[in-house]
1. Mind ranking 120-131, 39-50 by how tightly packed they are, going by the mean number of other C-beta atoms within 10 angstrom, highest first?
2. Would you tally the net charge around Asp126, using a Cβ to Cβ cut-off of less than 11 Å, leaving Asp126 out, and scoring K and R as +1, D and E as -1?
3. Once R0 is set to 35 Å, what does the formula 1/(1 + (r/R0)^6) return for the Cβ-Cβ distance between Glu115 and Val29, expressed as a FRET efficiency to the nearest 0.05?
4. Amide H to amide H, which residues 5 or more places from Cys120 or on other chains are under 5 Å from it, using H placed in the peptide plane?
5. Determine the sum of side-chain charges near Gly13: Lys and Arg each +1, Asp and Glu each -1, restricted to other residues whose C-beta is under 12 angstrom from that of Gly13.
6. So which of Lys12/Lys131; Lys6/Lys43; Lys12/Lys39 end up more than 20 Å apart by C-alpha?
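What follows is calculated from the coordinates using simple rules that are stated; it is not laboratory data. Remember, it's a predicted structure, so these values are computed and weren't measured experimentally. When we count neighbours, we look across all protein chains shown, and the Cβ atoms used for this are built from the backbone with ideal geometry, even at glycine.
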Amino acid sequence: MTDGNKVRVTLKGGTGYDAPWITIDGVNVADALAQLDEKELIKGLIDAAAKAGRYFASTGKPPAAGSGPKKFEGGRVVSAGAGGGDPQGDVTCVHGDRVHRTGATWEAMFCPAREKSEQCPPAWKDKKTGKFAVKG
């Protein structure tokens, strides 16, 4: 490394532009690795950043109809809601992409938040439409 250079590690909590992220700067690769080895501190930082990001996102006005988070696809930035919304229904929530689970007689998408108390309601698959929807 030459003088003035540094190593930056970016940890991103999702694929969308609205996902929280953390950058860790090291003076060199060994320093960046040493910081990442502090697993409990990193986990605490990630949890705090995710919680703060959710709170901050909740203070804004609701998105306009038809708008949504952006994503990078095929070398371009596109609206995640392009084409009239996700054809599968409610497959994301404020915490990111929902996790798909099935049982003997059911199919649902669950919130990825770590803390049970912070999880959004699940989106259940409607057998008639084939789409996932949060029951309200």
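1. Ranked from most to least packed, the peptides come out as 120-131, 39-50.
2. Its environment carries a net charge of +3.
3. Efficiency computed from Cβ-Cβ geometry: 0.60.
4. Residues meeting the amide H criterion: Cys111, Ala113.
5. That sum, taken over residues with Cβ under 12 Å, equals +1.
6. Long pairs (Cα-Cα over 20 Å): Lys12/Lys131; Lys6/Lys43.
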